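Down below is the structure, laid out as structure tokens.
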Amino acid sequence: MRCRRSEARPVGPGKLATVLKKALVIVCLGLVAGCSSADSGDIAKLADLRPEFGQDYNVSIIDKSGFDPKMFANKALPQGLTYNPAECSKFSTGVVLPTGTKGNMSSLTAEGEGNSFILLAVETSEPVPVVDPGDACKSFTFSGDKLRGTVEKVDAPQIEGVTTIGTHRKIMTVANGQPAIGELYTYVATYGDFMIEVIARPLLTPNAPVPPVNTDKARDLLTKAVAAVRGK
Amino acid sequence: MSDVCTISRAPRGFSCTYRVVLLLAVLCAGCGPATPPPKPTVVAKSADPAGIDRIRTKLPPDYEIAPLPTPPMPVTFWGVAPGWSADPPHCGDLATVGPGTTRGWSASGPGGIVYALVVAGSAPSADLRALCGSWTLGGGRSTAAVTVADGPLIADATTVRLTADVTTRVENGTETHSHASTLLAYIDDLAISVTVVTDPGAGAAGLPEHVPAGLLGNAVQAIRSTTGGTG
């Protein structure tokens, strides 16, 4: 609860009322400030984005339901990779929810026009930390025996009152001489206890060239998803 | 202090202190806790795993039905012995199943061996797919080179295609090769898969390309339907 009485130190009877009033005013002002920036939203509104995908898309929607930790697991890259610059290794994965985080999630998956878009709206029991990699790690590489890749910060839409970040990750793997490229664009928006994420990647078809990712659409989807969840 | 008292809406006659306390109470009631801790909710599911049995009729003729080998999961169907390890390690998750009841069948015929399986499971994350475009698996005398791509288009389902080229050392020092293709569809909380394993040296023509994808589409339809599906 935000509402707490402030403790007044023992003072003379004449000053007690004044001290109490001052303390109450401070608490009041704090409450007013807190109320004015109250963060709310409805993650089920993510489904409102269905019309953003035409008939060429295969769309599936999972309504508001319990959190699936698997959606945010398995992000760690294998051990033994060399990062350049070395201090950037901690930014090699996407947003990772703190252990024990509980909450609800809605998701929308759309596949079509050579791309896969995954939209997630998450309401958690505590704010989701999003750390900006800063200038030193806005672009870095990693390499190992069987895989190498790049991670770079990319433009994310600016949304008032919301923290946004965009990341492009590209992973090249080779096993038994068979090369493969995994590519992900991730756009994350956070405010309060809400996180909205758009993951865009190319659809991979055997023996066919890898199609480009429509990043303009991905950014636009993030803006619209945030607006839908916030009800603005 | 007088400003605060002025904006409070307490009835006249109350002291300034009481007015502030009342204002505080109003603010507390209006604002409340930021967000109540979200309670995970459960979505009712109507899919029926028994539908997997009904698609056996979609097989070409001359196929003999048998139970699934254990533990029933794609890695087993590929012929890789238990105790295997994947490189990178996380990639093995794509070809295994979690705890829970499994249901399915196998069928052998002139075009190879078909395995159909339904089990609780959710689609792999985009990160896992990106990391596991090409990976290896080893267990017992067998190693497999695995590639991952998107699967066939099935309405309202996420699909994955795993292709495994398996090499097995035999006792006289020679090697045998087999080719496995596993198509997975994820609906609700279920993972439905159809695996076809062929022996390139067997000489017989393999199953036509469209058969595994067709079987998977039929399986999804049958499992979604609680009234008989494609039976």
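The values are calculated or read from the model by the stated rules, or taken from the named source; none is laboratory data. Small disclaimer: the values here were computed from a predicted structure and weren't measured. Note: ideal-geometry Cβ built from the backbone for every residue, glycine included; neighbour counts use all protein chains shown.
Worth a mention:
- Count of residues meeting criterion [modelled with pLDDT of 95 or more, outside any strand (DSSP E or B) and surrounded by 20 or more Cβ atoms within 10 Å (Cβ to Cβ)] in the stretch A:195-229: 9
- Condition check for A:E123: of a type in the set (D, E) and either touching a residue at least 60 places away in the same chain (Cβ under 8 Å) or closer than 25 Å to A:A228 by Cβ (or both): yes
- Lone qualifier among B:T168, B:T198 - being in contact with a Lys or Arg (Cβ under 6 Å, 6 or more places away or on another chain) and in contact (Cβ under 8 Å) with a residue 40 or more places away in the chain: B:T168
- Scanning the stretch A:80-96 for residues that are among the aliphatic types (A, V, I, L, M) and modelled with pLDDT under 75 returns A:V95, A:V96.
- Hits in the stretch B:99-116 - residues which are at pLDDT 90 or above and either under 22 Å from B:T168 (Cβ atoms) or surrounded by fewer than 23 Cβ atoms within 10 Å (Cβ to Cβ) (or both): B:T102, B:R103, B:G104, B:W105, B:S106, B:A107, B:S108, B:G109, B:G112, B:I113, B:V114, B:Y115
- Selected residue (criterion: nearest to the other protein chains (Cβ to nearest Cβ)) from residues of the stretch B:99-123 that are within 30 Å of B:E171 (Cβ to Cβ) and part of a loop (DSSP other than H, G, I, E, B): B:G111
- Among the criteria (1) within 22 Å of B:T198 (Cα to Cα); (2) over 15 Å from the mean Cα position of the chain (by Cα), the one B:G83 does not fulfil is (1).
- Criterion applied to B:D189, B:D199 was being within 23 Å of the chain's Cα centre (by Cα) and acidic (D, E), and the one residue passing it is B:D189.
- From the options B:T96, B:T76, residue that is buried (at least 19 other Cβ atoms within 10 Å of the Cβ) and more than 11 Å from chain A (Cβ to nearest Cβ): B:T76
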